[in-house]
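In what follows, a single structure is set out as structure tokens and then discussed.
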Amino acid sequence: MFTDRWKRSETADARSHAASAIETSAHRNSDNSASPTKRRSSGLEQFFTHIRGEENLDLLDFSGASQANIEFITSMGHRLYSEDLIATLDFAFGGPDNYGKQLDPVHQQAFLAQNLNFKTRQFDGALLWDALEFLAPPLLPPMVDRLRDIMKPGAYMLALFHTEERCEAVPTWHYRIANGNTLLLAPRGSRRPAQHFSNRAVEKLFQDFDNVKFFLTRDSLREVIVKR
Amino acid sequence: MWNKKRDDEYTPKPAGQPVHPAQDVKPEPASYASTSAPVKAPAAEPPRGVAAIGKSVIIKGNILSREDLWLDGEVEGTVEVPEHRLTIGPHAKLNAGIRAREVIVLGGVNGDVEAMEKIDIRKDAKLVGNIKTGGIIIEDGAYFKGSIDIIRSQEAAKPAVQPRPKEQPTATPVAAAVAVEQKR
């Protein structure tokens, strides 16, 4: 459970979640011809636990609009803001592995001016998925600052980070919510993360947030719940 | 220009081709097996008996239609089709606010959309803007950026008001209050 003063990574609760198996298909691969992979998500379960019983919340979803996510979230009585941040990055900087252009300050400013630029809007929760991994290091802090600005105090975010230390291409997914604790991962190719995120790096990334909780998983995706 | 398609403007349809762009499409199930949704092929041409604005038409201003409208050109302004269906064709580029009973998007829209009954965003469509609607269908492959607010009211659940049959091809109820440019 969360404590407001706790900022260290916690693994005790996470181990109990890891014991409830992650179902992953043996056929999961990076090409788009593969069928969606079912994946149990303790982080997703925790995220929805925090907003259980509430209605009319404003939630942010970075995986891009999908019928599954729209139906699931709006059926709970919430409003959804949807954006495929990875596609937006490609539009803005030109295709995957576009980190060279992401380093250009002019392109950075243009990107920040056109995206997540909510003047008065704030959100009660955010599903960031693995999008933050594909932001170049100079672009990441202003994006996280922008997230802090648009998240209401006490709001929760779910983020995923690959655990491989080598920054080689990893499978990327459209994250579809099947139910409150299960995802369907629809393949969308592979992409090289901008950097490797250790637990310490993730804590440092969200150092201006209230706390960070990690969930151990059996696959290569680390789940993180961040409280604003 | 506002009425039925001309033969030299559209390719002829083979017999049996689905012509109604607004046939109900099943929502994509969460356990879909592929990114290609098994839905009826979206019509790339306007159906008969529907007011149509072709892909070569550029409009800057406000469009008001009192019947179903197929819009495949470029519009900057607003588009209102109260109590009827608006189909945004695959070549359309709209930089406009939209209000209709039902909206089907096959092309590009940059603007807020209010669809009292439902909005159907097809594969290859691109919509940037906020949606307020009674129901939404979005195909895999569609690009959407914006907010979705589902209207949960009796007003949105009312059955569609059927449009009056067209009286004469020339007596079009579509009104465009601004100059229209037509590319050659």
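In table form, for the structure just shown:
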{"quantity": "Long-range neighbours under 6 Å by Cβ, at least six apart or interchain, first residue facing chain B (nearest Cβ under 10 Å) and hydroxyl-bearing (Ser, Thr, Tyr) within the range A:170-188, second surrounded by fewer than 20 Cβ atoms within 10 Å (Cβ to Cβ) and part of a strand (DSSP E or B)", "calculated": "A:THR182/A:ARG40"}
{"quantity": "Output for the range A:102-116, where each listed residue is over 19 Å from the mean Cα position of the chain (by Cα) and either within 9 Å of chain B (Cβ to nearest Cβ) or more than 20 Å from A:VAL144 (Cβ to Cβ) (or both)", "calculated": "A:VAL106"}
{"quantity": "Residue within the range A:100-113 that is in contact with a Leu (Cβ under 9 Å, 6 or more places away or on another chain), surrounded by fewer than 19 Cβ atoms within 10 Å (Cβ to Cβ), modelled with pLDDT of 80 or more and more than 21 Å from A:PRO137 (Cβ to Cβ) present", "calculated": "no"}
{"quantity": "Conditions (1) away from chain B (no Cβ under 14 Å); (2) under 17 Å from A:ILE86 (Cα atoms); number of the one not met by A:MET157", "calculated": "(2)"}
{"quantity": "Hits in the range B:82-113 (condition: among the charged types (D, E, K, R) and within 15 Å of B:LYS145 (Cα to Cα))", "calculated": "B:ASP112"}
{"quantity": "Residue in the range A:176-198 that is more than 19 Å from A:ILE86 (Cβ to Cβ) and modelled with pLDDT under 90 present", "calculated": "yes"}
{"quantity": "Sole residue being away from chain A (no Cβ under 14 Å) and modelled with pLDDT of 95 or more, chosen from B:PRO18, B:PRO42, B:PRO46, B:PRO90", "calculated": "B:PRO90"}
{"quantity": "Pair list, Cβ under 9 Å, 6 or more apart: the range A:197-218 residue touching a residue at least 24 places away in the same chain (Cβ under 8 Å), other residue part of a helix (DSSP H, G or I) and polar (S, T, N, Q)", "calculated": "A:VAL212/A:ASN199; A:LYS213/A:GLN46; A:PHE214/A:ASN199; A:PHE215/A:SER42; A:PHE215/A:GLN46; A:LEU216/A:SER42; A:THR217/A:SER42"}
{"quantity": "Residue satisfying condition, being more than 13 Å from the chain's Cα centre (by Cα) and either among the charged types (D, E, K, R) or within 23 Å of A:GLU71 (Cα to Cα) (or both), within set B:VAL128, B:VAL103", "calculated": "B:VAL128"}
{"quantity": "Residue that is surrounded by fewer than 19 Cβ atoms within 10 Å (Cβ to Cβ), within 13 Å of chain A (Cβ to nearest Cβ) and either part of a strand (DSSP E or B) or in contact (Cβ under 8 Å) with a residue 60 or more places away in the chain (or both), where the choices are B:LYS118, B:LYS123, B:LYS60, B:LYS145", "calculated": "B:LYS123"}
{"quantity": "Residue pairs meeting the criteria (Cβ under 7 Å; at least 6 apart or on separate chains; first more than 7 Å from every other protein chain (Cβ to nearest Cβ) and surrounded by 18 or more Cβ atoms within 10 Å (Cβ to Cβ), in the range A:79-92; second hydrophobic (A, V, I, L, M, F, W, C) and not in a helix (DSSP H, G or I))", "calculated": "A:LEU85/A:PHE62"}
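The values are calculated or read from the model by the stated rules, or taken from the named source; none is laboratory data. Only a predicted model underlies this, so the values are computations on that prediction, with no experimental measurement involved. Positions of Cβ are backbone-derived with ideal geometry, glycine not excepted, and every protein chain shown enters the neighbour counts.
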